[in-house]
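Asks: Quick one: the structure is below, and I'll ask about it shortly.
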């Protein structure tokens, strides 16, 4: 009996040691992209538990933000900035696909040529706001953002994807419980975000405002950000007392969950708990039939940022994160 107890203790200590070593490995890093001088700075986000959603007394609260519930999130990395037009155009143009990396990670082994390519836009998808240095990409669909993640994964060997709603809110809050990571005073938002009150109706270069406590820029405003999840307004009511790494894998094209608010939104829509579901009219002026899977025509205020987890899913589950291989 005593030997069995000792064995149990040894196994427990081994699990704790492995978990601790994995946690220590999560450090900030810079992702190189073979064939380009552009890089993506990735910030290590620690594991933890947080209260997701907004309490009933929070000003400007909406019903889909409750009830509040505890969520446990594993450690992951998140891009310091929103993906820019320059980075996204590497995927659109595909000119560097054949450039092999000097050292490719072994998490993902897929051929970059097998990744569906985005169509070249037929009009200026920035709607006059520009696609120059450091400007966040906008007017891309959820499908397009997911395929960028798949392409980047094929190029680097790391598994990249969109963040879940829970990961996004956890990272945006950065250990805080107030409406914004800096507190409840909307007057302070100007220091951290581009929104309707200061944007002059346009997005701006990433990283110009102050970061949140975990070093992430533009989590509020500039462009709103796609998450991995289907938008389900009542989903919080189905959660357990403590939910671990929740994911609502998309089953229909609409609505998908968008977070953070944008340059086009009033301050109340930039709160950490604020949620938005995508709409079909974001493609209203698209003359194609069927409408493009890659581009919106009427949502320049929606972009994305990426995450990476230390334990990628099995290859059989890739489609859940990146969508189907249909062009």
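Asks: Sort 226, 194 by Cβ crowding within 10 Å, fewest neighbours at the top.
Replies: With the sparsest Cβ surroundings first, the list reads 226, 194.
Asks: Modelling each spin label as a point 7 Å along the Cα-to-Cβ direction, I'd like the residue 201/residue 184 distance in nm, to one decimal.
Replies: 3.4 nm
Asks: With a point put 7 Å past each Cα toward its Cβ, work out how far residue 86 is from residue 124 in nm, to one decimal.
Replies: The two pseudo-label positions are separated by 2.0 nm.
Asks: When 167, 58, 280 are ordered from fewest to most other Cβ atoms inside 10 Å of their Cβ, what list results?
Replies: On the way: 167 26, 58 18, 280 10.
Starting with the residue having the fewest Cβ neighbours, the order is 280, 58, 167.
Asks: Across 10 Å bins from the origin, how do the percents of Cα pairs in segment 154-266 run, short distances first?
Replies: Reading the bins upward from 0: 13, 38, 35, 14, 0.
Asks: Relative contact order of the chain: what whole-number percent is it, with Cα pairs under 8 angstrom and at least 6 residues apart?
Replies: Relative CO of the chain lands at 23 percent.
Asks: For the residue pair residue 113 and residue 280, what label-to-label distance in nm results when each label sits 7 Å from Cα along the Cα-to-beta-carbon direction?
Replies: The answer from the label model is 3.9 nm.
Asks: Which of 185, 296, 222 moves the most in a Gaussian network model of the chain with Cα springs under 10 Å?
Replies: Top of the fluctuation ranking is 185.
Asks: Same structure again: Given the rule -39500 (n - 2.57) for each run of at least 4 DSSP H residues, summed and divided by the residues of the chain, what is its mean residue ellipticity at 222 nm, to the nearest 500 deg cm²/dmol? Numbers along the way, then the final one.
Replies: Details: 5 runs with 62 residues, N = 327.
Helix contribution divided over all residues of the chain: -6000 deg cm²/dmol.
Asks: What does the extension gain come out to for residue 242 and residue 41, with contour length at 0.36 nm per residue minus their alpha carbon separation?
Replies: Working: separation 201, 0.36 × 201 = 72.36 nm, distance 3.13 nm.
Roughly 69.2 nm would be gained on extension.
Asks: Could you tell me what percent of the DSSP beta bridges with both partners in the chain are antiparallel, to the nearest 5? Working shown, then result.
Replies: Working: 26 of 32 bridges.
Restricted to the chain, the bridges split so that about 80 percent are antiparallel.
Asks: By counting other Cβ atoms within 10 Å of each Cβ, how are 64, 37 ranked from fewest to most?
Replies: With the sparsest Cβ surroundings first, the list reads 37, 64.
Asks: Then there is this: Which FRET efficiency, nearest 0.05, do residue 49 and residue 25 yield, Cβ-Cβ r, R0 22 Å? Don't skip to the answer; put the middle values down first.
Replies: Numbers: r = 21 Å, r/R0 = 0.94.
Computed FRET efficiency for residue 49 and residue 25 comes out at 0.60.
Read the figures in this text as sums done on the coordinates, not as results from a lab. Predicted, not measured: the structure shown is a model, and the values here were computed from it. When we count neighbours, we look across all protein chains shown, and the Cβ atoms used for this are built from the backbone with ideal geometry, even at glycine.
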